[in-house]
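The values are calculated or read from the model by the stated rules, or taken from the named source; none is laboratory data. Keep in mind that this is a model prediction, so the values were computed, not measured. Every residue, glycine as well, gets a Cβ built from its backbone with ideal geometry; the counts of neighbours run over all protein chains shown.
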Amino acid sequence: MEKYLNNVGDIQFDSKIDDPNFKICSPNQSFQYYNFSKGFQYKGEKYEMLKIWKEKYTTNQNYKVESGYITVRFLVNCEGKTGLFRVQQMDQNYTEFSFNEDFINVILKFVKELDGWIINEYKGQKVDYYQYLTFKVENGIVKEILP
C-alpha cells in the first residue's frame with residue numbers, strides 16, 4: 001500500500017540527500033510562506049538576500065550559454081533553520097532543463113547558507129513552513145531572485 005503525504009507539495013524526507021539532524025517541528029501541518037501576513041519571510045527581506053548574493057557570489061564564465069529558471073524549494077522549521085532542499089530546473093520556455101551541476105551547487109550553497117529566516121506562529125505555536133526561491137538566469141548570470 002502506498003502512503004500519501006498530508007498535503008500536495010509536502011516534501012518527504014530522503015535519507016540520501018537530507019540532513020538526518022534537521023528537525024521537523026510539525027510534520028502533520030503544512031504552511032506556505034505566503035500564509036503569513038509579514039510579507040517576505042526573511043530578515044531584511046529580499047533586499048538583504050540580494051545584497052548577500054552580490055557580495056559573496058560571482059558568475060563563472062563556464063555558465064555563459066545557460067538561461068532559464070532554477071527553483072529551490074525547502075522547509076523552514078520552527079527554529080528558523082532550513083532543510084529538505086529540492087531543486088527544479090527549466091529553460092526559458094518552462095521546459096525541463098539541466099543546468100551545469102557546478103552552477104546548481106553554487107545556488108544551493110547560497111540558499112543553504114541563508115540564516116535570516118523568520119520564525120512563524122500559528123495559534124500561538126511556532127510552526128514549519130515551505131519557502132521557495134527562483135533564480136532567473138540569463139546567459140549564466142543570475143538576473144533576479146524571486147519571489
(message) I'd like to verify a number: residues in region 114-147 that are on the phi > 0 side of the Ramachandran plot and hydrophobic (A, V, I, L, M, F, W, C), how many?
(response) 0
(request) Consider only pairs whose beta carbons are under 6 Å apart and that are at least six residues apart or on different chains; among these, list those whose first residue lies in region 119-147 and is modelled with pLDDT of 90 or more and whose second residue is of a type in the set (Gly, Ala, Ser) and in a loop (DSSP other than H, G, I, E, B). (result) ILE119/GLY80; VAL127/SER26; ASP128/SER26; VAL137/SER67; GLU138/SER67
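Which members of region 103-132 meet the condition of being part of a helix (DSSP H, G or I) and surrounded by 15 or more Cβ atoms within 10 Å (Cβ to Cβ)? Write out each step before concluding.
Filtering region 103-132 down to residues part of a helix (DSSP H, G or I) leaves 103-113.
Within region 103-132, PHE103, ILE104, VAL106, ILE107, LEU108, PHE110, VAL111 meet the criteria.
Looking only at region 26-47, which residues are of a type outside the set (Ser, Thr, Tyr), loosely packed, with under 14 Cβ neighbours inside 10 Å and either over 26 Å from VAL142 (Cβ atoms) or at pLDDT 90 or above (or both)?
Initial filter on region 26-47 (of a type outside the set (Ser, Thr, Tyr)): 27-29, 31-32, 35-36, 38-41, 43-46.
Filter once more, keeping what is loosely packed, with under 14 Cβ neighbours inside 10 Å: 27-29, 32, 35, 38-39, 43-44.
Answer for region 26-47, where residues must be of a type outside the set (Ser, Thr, Tyr), loosely packed, with under 14 Cβ neighbours inside 10 Å and either over 26 Å from VAL142 (Cβ atoms) or at pLDDT 90 or above (or both): PRO27, ASN28, GLN29, ASN35, LYS43.
Among the listed residues PHE74, PHE85, which satisfies the condition of being touching a Ser or Thr at 6+ places or on another chain (Cβ under 6 Å), of a type outside the set (A, V, I, L, M) and under 30 Å from GLN125 (Cβ atoms)?
Details: PHE85 fails: touching a Ser or Thr at 6+ places or on another chain (Cβ under 6 Å).
Only one candidate passes the filter, namely PHE74.
Every residue, every condition in (1) in a helix (DSSP H, G or I); (2) within 17 Å of the chain's Cα centre (by Cα); (3) acidic (Asp, Glu), yes or no:
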position: GLN29; (1), (2), (3): no, no, no
position: MET49; (1), (2), (3): yes, yes, no
position: ILE52; (1), (2), (3): yes, yes, no
position: GLU55; (1), (2), (3): yes, no, yes
